[in-house]
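To start, the structure under review is shown below, and the notes come after it.
The values are calculated or read from the model by the stated rules, or taken from the named source; none is laboratory data. Since the structure is predicted, the reported quantities are computational estimates derived from the model, not experimental observations. For neighbour counting, all protein chains shown are included, and Cβ atoms are generated from backbone atoms with ideal geometry for every residue, glycine included.
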Amino acid sequence: MNYQETIQYIYNRMPLFQVVGSSAYKPGLDSMKSFDEYLGHPHQSFATIHVAGTNGKGSVSHTLASVLQSAGYKVGLFTSPHLRDFRERVRVNGEMMSQQFVIDFVKKYQNVFDVLYPSFFEVNVAMAFDYFRQQQIDVAVVEVGLGGRLDSTNIITPKLSIITNISLDHTAILGDTVEQIAGEKAGIIKPGVPVVIGEADQPGVRQVFINKAHQEGAPIFFVDEQIKTEGVTQQIGTDRMPYQHFVLNGFALNTPLLGLYQQKNIPTAYLAVLQLRRLGFHLTDEAVSDGFSRTLSQTHLLGRWQKIGDSPLTICDTGHNEAGITYIVQQLRQTPHRTLRIVYGVMKDKDIAHILPLLPREAVYYFTRAAISRSLPQDELKKRAEAVGLKGNAYPSIAEALAAARGDSAPEDLLFVGGSTYVVAEIL
């Protein structure tokens, strides 16, 4: 099999969560542990940092990988989902794993698939850890796929655990209260391993983390107790590209990651850096500053308040749950524009009854769907959106919706594309 045939084999043999939804989710760690044992426990050959959370874990993971890379470490980065190429999920110093490695891994372990029947994500995790071992990395930043306690990545014992925040998402799997979801995320807290908590504004959520950390004897650090944000401004660099300037505990740093939600993610990443220093990682101020400022160029993060067009200014963002949408709407309203136009599509299993009322009623909508079976049909989305006062037309494909929005736009309008990771993936 060539690369494309190999990828198609994986998708057909082990359906993606992004395509079929919760039926692809395989709770429990037994088969992952068996697969890991068959491979000879590759994750034990390098240090790890484990990152969970409802929102922000991608931004935090990429930022930390960039800082470690700037400090001279050989860094593995495991994230999900991918937007354009499956190999985006597994990078070493920013470079995707090779197509040949994917081909060879699947060919070598097809017999294991026949015995263990691993999920797509279990194969993905095993492949990542095996690749990191082959590449002889120093440290891997490992992003949780879903939840934490039963996530396939939770076979690792990291040097540091990070939980960015808690919001309602994947409630059919993780629970329908923030406390239940926090309990699942807290499952990555390991005995004696320090844990950084980005946001825990709800008292019940905070107590879940405190109780779990106490139970495991794990030092716990909350960003709101450890980091003072003394200033945040958005500026334009000499390359005409925007960036955000932060002053945290007196330390100034810049990040190319835009969006209001980064005002939560960047302090979380910075506190993680301080903890890594205490754990013996050699991270100079120069490396930290360089790593934050070069997150995009060193890790190739996509889909976070990403500009994809001018005249009209066109932005895409993968935020898709209540907390993510709330920040996006604030950012849209703060961005100068004449008319706001939104190309929007969602998945069938999302709780849009709580999301749609958060969207701006003054916008013109172009309701659409991603080209996967999980997508909510555009006509149904339009009907449900109209019920909460959102106005617009329905289009059968994202390309048609975007073309219509661009055709209607004046240069001074603002065009936003989002609602789902998979809508953004098609645009990119």
| request: Filter segment 289-300 for residues that are surrounded by fewer than 22 Cβ atoms within 10 Å (Cβ to Cβ) and hydrophobic (A, V, I, L, M, F, W, C) and give the result. | output: Leu296
| Is it fair to say Ile189 is touching a Lys or Arg at 6+ places or on another chain (Cβ under 7 Å) and at pLDDT below 85? | no
| said: For a quick check of your reading of the model, give me the residue pairs whose first member lies in segment 35-46 and is assigned to a helix (DSSP H, G or I), whose second is of a type in the set (Asp, Glu), with beta-carbon atoms closer than 9 Å and at least 6 apart or on different chains. | reply: Phe35/Glu122; Leu39/Asp130; Pro42/Asp36; Pro42/Asp130; His43/Asp36
| Failed condition for Ala52, given (1) surrounded by 23 or more Cβ atoms within 10 Å (Cβ to Cβ); (2) closer than 23 Å to Met1 by Cβ; (3) of a type in the set (Gly, Ala, Ser), with all others met? | (2)
| request: For segment 274-282, indicate whether the set of residues that are of a type in the set (Gly, Ala, Ser) and surrounded by fewer than 21 Cβ atoms within 10 Å (Cβ to Cβ) is non-empty. | output: yes
| task | Examine segment 102-112 for a residue that is crowded, with 23+ Cβ neighbours inside 10 Å and modelled with pLDDT of 95 or more, and state whether such a residue exists. | result | no
| query | Is segment 254-265 home to any residue that is in a strand (DSSP E or B), on the phi < 0 side of the Ramachandran plot and surrounded by 13 or more Cβ atoms within 10 Å (Cβ to Cβ)? | reply | yes
| remark: With criteria (1) in a helix (DSSP H, G or I); (2) surrounded by fewer than 22 Cβ atoms within 10 Å (Cβ to Cβ); (3) aromatic (Phe, Trp, Tyr), Phe221 comes up short on (1)
| said: Exactly one condition in (1) over 24 Å from Ser80 (Cβ atoms); (2) modelled with pLDDT of 90 or more; (3) not aliphatic (A, V, I, L, M) is false for Pro336; which is it? | reply: (2)
| request: Of the conditions (1) surrounded by 17 or more Cβ atoms within 10 Å (Cβ to Cβ); (2) out of contact with any Gly (no Cβ under 6 Å at 6 or more places or on another chain), Arg369 clears all except one; give me its number. | output: (2)
